[in-house]
Amino acid sequence: MPLLKLIFSFEWRQFLRQPAQLLILIFFLLMGFYSLSTGHHFVGQQLSGLDTLVQNQKSHFQELLGRFDADTSTSKGKTLAAQAGLPQVIEYRASPIATNPPKGLALMAIGQRDILPYFDIINSKRDILTPPNAEIANPEKLASGNFDFSFVLIYLFPLLIITLCYDLHAKEKEQQTDRLLNVQSGDLNRILFHKLLFRLLMVCMLGWSLSTIGFLLHPRGTLLSGADVLLWFFVLTTYLLFWFSICWLVVVLRKSSRINSLTLLGIWLLLTLILPAVMNKLAALKYPMPLRTELVSHQRETMLDTWEMPIKELLVHFYRNNPQYLPLKQSSDTAQYGNKRFVAYYDLLGRRMNENVKKYHAGARAHNSWLSKTAWLNPVAQMQSLINATAQTDLRDYLFYQQQAGDFQNRWVKLMNSYLLANKKLSRKEVMNLPVFQLAEDETRISRILTNTIPLWLAIALVLWMARKKSILK
């Protein structure tokens, strides 16, 4: 313990006397602040959009209720009163919304929230070709991504670690103090390990401090639980330990500072750029990621083909798929603009569209499943997945939301069809008690994240074991 205190005190004084390292630390602090502000701005935009959507929905809903109290002494009032409770008017004026609001950590790891819809307008028409599902996106922005804190942490923090550690032993050797330290302590590796530990604590303090600032910056209206905070610190610290273990392995080889720097930069390029690119290319060849533009094209073809079907054939499909509505079957069902024609059209359209969506999601799941199974070969990509999962901004979180939104839509369609097919109106009480979407929590998320950190810990253990073997040989 006295030796540890002595080394820490010496390293701290040395750090303060080196302007270059101070400037590097300040530079990373500024990048951290900028990345957090970028994430805060992005999350704020989505929250603002959701708030506007909710307020408009509330306004339209109050307007619907006002139709029940319209002044029937005027022609306008009579029209409004006649429309009160019509399911078509309810869907047109105040369709319910399903939202996937950003969580408290989303500003630190935007993930795929910038390319995936975060709300859906729910109605019985089952149209995924309108916003937000067919939202126009800037391809250049999608390719470059976002400069959020997860980018700084995953890609730039390793460079900081390399800068602080590459000459840990070489500096002592070049100053010819390594032999003196070895004679006085009897174990040079022990001193080097304490010096490495000092740098580990310093970088961890930087990462923890920026993370704490991110926690404090989370916008009002976003949820941030203590479990999420602890999970973030755990994943962050695991990643930093991984890179420090690699640096320790290079240090114990006792090569020159030039060789160490080139070796560590090569490892950084391999793990952050080359290996992820190779794995993604292999995944694209083995399980090609389906394009959303192809899905939209198929859906448009499906809409046209379904609409051009003869009404009698359309109704045959409807009653075959929905035998519970057979008691409502009448000779007037074939009316060109009747409710049953439109209900049958959207029912069959929804079923056909769901088949297209299932194929799309199956392809996406196969692609991502293969990447997940091979993630132990790709620590940086694994870390990106862990960070996004912690912030609940990855594809898996979106699919979890989409499943709930789809279930809610099925419930809504069933409710509206019960009124449309029977030509019934909703009462004021029934309108006030219409179902509302509630997003549930993924109870398996935390355990899944903890399980997925195991490959990183195994990699750390393997690298430290190799470093120990090399140090013994030295």
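List pairs: first in region 316-340 and farther than 17 Å from THR306 by Cα, second open to solvent by less than 60 Å² (accessible area, probe 1.4 Å) and hydroxyl-bearing (Ser, Thr, Tyr), Cβ under 6 Å, 6+ apart or cross-chain? From region 316-340, the pairs are LEU326/TYR319. When region 217-232 is filtered for residues that are assigned to a helix (DSSP H, G or I) and buried (at least 16 other Cβ atoms within 10 Å of the Cβ), the ones remaining, listed by number, are LEU217, ASP228, VAL229, LEU231, TRP232.
In region 387-406, the residue that is farthest from ILE97 (Cα to Cα) out of those that are part of a helix (DSSP H, G or I) and of a type in the set (Ser, Thr, Tyr) is THR390. Across region 407-442, the qualifying residues are those that are without any contact (Cβ under 8 Å) to a residue 12 or more places away in the chain and assigned to a helix (DSSP H, G or I), and the one among them that is nearest to GLN83 (Cα to Cα) is LYS429. Across region 91-99, a minimum of one residue is classified as at pLDDT 90 or above, of a type in the set (A, V, I, L, M, F, W, C) and within 26 Å of LEU348 (Cβ to Cβ). The single condition among (1) free of Cβ contacts under 8 Å to residues at least 24 places away in the same chain; (2) farther than 30 Å from PHE193 by Cβ; (3) touching a helix residue (DSSP H, G or I) at 6+ places or on another chain (Cβ under 8 Å); (4) open to solvent by 50 Å² or more (accessible area, probe 1.4 Å) that LEU22 does not satisfy is (2).
Can you work out which of the residues in region 100-133 that are hydrophobic (A, V, I, L, M, F, W, C), within 16 Å of TYR398 (Cβ to Cβ) and modelled with pLDDT under 90 is surrounded by the fewest Cβ atoms within 10 Å (Cβ to Cβ)?
ILE115
If only residues of region 38-76 that are touching a Leu at 6+ places or on another chain (Cβ under 8 Å) and in a helix (DSSP H, G or I) are counted, the one that is most open to solvent (accessible area, probe 1.4 Å) is HIS40.
Is there a residue in region 321-340 that is at pLDDT 85 or above and either open to solvent by less than 40 Å² (accessible area, probe 1.4 Å) or not in a helix (DSSP H, G or I) (or both)? Yes - at least one qualifying residue is present in region 321-340. The set of residues in region 343-353 being open to solvent by 30 Å² or more (accessible area, probe 1.4 Å) and touching a residue at least 40 places away in the same chain (Cβ under 8 Å) consists of TYR346, ARG352. Would you confirm whether or not region 371-381 contains a residue that is loosely packed, with under 14 Cβ neighbours inside 10 Å and under 30 Å from PHE193 (Cβ atoms)? Scanning region 371-381, I find at least one residue that is loosely packed, with under 14 Cβ neighbours inside 10 Å and under 30 Å from PHE193 (Cβ atoms), so the answer is yes.
Just the residues that are open to solvent by 40 Å² or more (accessible area, probe 1.4 Å) and either closer than 13 Å to THR390 by Cβ or of a type in the set (Phe, Trp, Tyr) (or both), please, taken from region 452-463. Of everything in region 452-463, those that are open to solvent by 40 Å² or more (accessible area, probe 1.4 Å) and either closer than 13 Å to THR390 by Cβ or of a type in the set (Phe, Trp, Tyr) (or both) turn out to be ASN452, TRP457.
The values are calculated or read from the model by the stated rules, or taken from the named source; none is laboratory data. If you're wondering where the values come from, they're calculated on a predicted model, not measured in any experiment. FYI the Cβ positions are ideal-geometry reconstructions off the backbone, even for glycines, and counts take in every protein chain you see. Side chains included, ligands, DNA and RNA excluded: accessible areas come from the protein's heavy atoms. Shrake-Rupley method; radii C 1.70, N 1.55, O 1.52, S 1.80 Å.
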